[in-house]
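Q: Dropping a structure here in structure tokens format, bear with me for questions.
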Amino acid sequence: MNLFSNTLLFKRVAIAVSFVIVTLILWNTYTFFQKFKTEERVKMEILAEAQKEIGSISDLNASVTLPLKVIENNNSIPMILVDEKGDILYTQNLDSIKSLNPNFIEKQLAIMKNQNEPITISYDGKNKQFIYYKDSDLLNKLTYYPIALILILILFLTVIYLFYSSNKAAETNRLWTGMAKETAHQIGTPLSSLLGWISILKMEKVDETYIDEIEKDVYRLNTIANRFSKIGSVPELKSENIISVTKQAFDYLESRSSKQINFSFKTDEKEIKTKLNKELFGWVIENLIKNAIDAMQGKGKLQLEISQTQKKVKIIVSDTGKGMPKKLFKQIFKPGFTTKKRGWGLGLSLSKRIIEDYHKGKIFVKKSELGKGTTFQIVLDRI
């Protein structure tokens, strides 16, 4: 318990520290961005003063070296100088080729007006000029830096979530596997006892019909125990006649189901060989038939059909039950999903794992219509 608590505490601390670190980086970036933006404003104000100084000089012999140097040193901040009428007098750090197009300059001026307040140059309180400017390329790149950090944070948290979720799922799977194997072990004791009682009944010359039915149920329990014992381990696949294996599971449920259900088993073949684990594949067939019986509420038509192509064998199970919407075609195979009032929602998810993971085949809802029924299909390789 202490180990679990320590692990949980470590996870929470790690996530909290990650949030703090990223938050500090974002805050530092924001502060730096604002400081850099202020510095660019100061640079443009100095440039405005230099421009004013040049415009105010009346002596042709006066030195303009310093203000010109200030203006020339601005090689990163795009700017446009306009007069009171809005006529463009001068541009700087804009694309020289695109600037030949007046529409391009007008668009850039509109962007600058939206980004920053203009800097006013006043000559003796009469004539005025305005410097419009926009953020430099470096400042624009810094704008996207916090977004990149947030995306990295989201990715980091997603990885952590998936990592711990997979660990939790693995722990749950190990728990269920252990419970399944223990269940199989526990069932073995009463099964041995039942077999002994069957032998006694035969010696007592009890009606053979009763004994046959009891033997079928005992065999059924033994099959269930074998299925549970195989959970968590890779099952052994053998060459089997899929028709006889499927018919055995079909007949067992037909004999123990409502007589108001019309069972139909159709195939044109006597034998189709494929690699199977009989216990697990029979489990899949039983799950599909039981789901069909539940969907029909004990009354309707259930058909199982087996056919083959050159390389594949197809098993189709159809019912005349309540059907389902198309959005549930994939959801029903997820662990825990069920539309029943009772049940764990594991039957179809186990069926999918048995068919696709162990037998390398496919299982899916071929079609379904509300109020008319559902058709499942299994596809396996022939041998």
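Q: Which one of these is small (Gly, Ala, Ser), open to solvent by 20 Å² or more (accessible area, probe 1.4 Å), modelled with pLDDT of 95 or more and more than 24 Å from Glu215 (Cα to Cα): Ser233, Ser239?
A: The unique qualifying residue is Ser239.
Q: Identify, from the list Lys372, Lys326, Lys311, the residue that is farther than 29 Å from Lys275 by Cα, exposed (fewer than 13 other Cβ atoms within 10 Å of the Cβ), basic (Lys, Arg) and over 27 Å from the mean Cα position of the chain (by Cα).
A: Lys372
Q: Among the residues in the range 349-359, are any of a type in the set (Gly, Ala, Ser) and open to solvent by 40 Å² or more (accessible area, probe 1.4 Å)?
A: No, the conditions are met nowhere in the range 349-359.
Q: Among the residues of the range 264-280, is there at least one that is among the β-branched types (Val, Ile, Thr), in contact with a strand residue (DSSP E or B) (Cβ under 6 Å, 6 or more places away or on another chain) and assigned to a loop (DSSP other than H, G, I, E, B)?
A: Scanning the range 264-280, I find at least one residue that is among the β-branched types (Val, Ile, Thr), in contact with a strand residue (DSSP E or B) (Cβ under 6 Å, 6 or more places away or on another chain) and assigned to a loop (DSSP other than H, G, I, E, B), so the answer is yes.
Q: Ok, one more. Is there a residue in the range 89-101 that is out of contact with any helix residue (DSSP H, G or I) (no Cβ under 9 Å at 6 or more places or on another chain), assigned to a helix (DSSP H, G or I) and more than 20 Å from Glu45 (Cα to Cα)?
A: Yes, that holds for at least one residue.
Q: So, in the range 281-308, exactly how many residues are over 22 Å from Glu269 (Cβ atoms) and open to solvent by less than 70 Å² (accessible area, probe 1.4 Å)?
A: 9
Q: Could you please tell me which pairs satisfy a Cβ distance under 8 Å, a separation of 6+ or placement on different chains, a first residue in the range 240-268 that is within 14 Å of Glu286 (Cα to Cα) and among the aliphatic types (A, V, I, L, M), and a second residue that is open to solvent by 20 Å² or more (accessible area, probe 1.4 Å) and assigned to a helix (DSSP H, G or I)?
A: What qualifies is Val245/Lys278; Leu253/Lys290; Leu253/Ile293.
Q: Pick from the range 86-126 the residues that are more than 17 Å from Ser136 (Cα to Cα) and under 46 Å from the mean Cα position of the chain (by Cα): which of them is most open to solvent (accessible area, probe 1.4 Å)?
A: In this case the residue turns out to be Lys98.
Q: Check whether at least one residue in the range 147-168 is more than 29 Å from Thr29 (Cα to Cα), open to solvent by 50 Å² or more (accessible area, probe 1.4 Å), among the aromatic types (Phe, Trp, Tyr) and under 45 Å from the mean Cα position of the chain (by Cα), and report yes or no.
A: Scanning the range 147-168, I find at least one residue that is more than 29 Å from Thr29 (Cα to Cα), open to solvent by 50 Å² or more (accessible area, probe 1.4 Å), among the aromatic types (Phe, Trp, Tyr) and under 45 Å from the mean Cα position of the chain (by Cα), so the answer is yes.
The values are calculated or read from the model by the stated rules, or taken from the named source; none is laboratory data. What you see is a predicted model, and the numbers here were worked out from it, not measured in a lab. Note that we place each Cβ from the backbone using ideal geometry, even for glycine, and neighbour counts take in every protein chain shown. Calculation scope for accessible area: heavy atoms of the full protein, side chains included, ligands and nucleic acids excluded. Shrake-Rupley method; radii C 1.70, N 1.55, O 1.52, S 1.80 Å.
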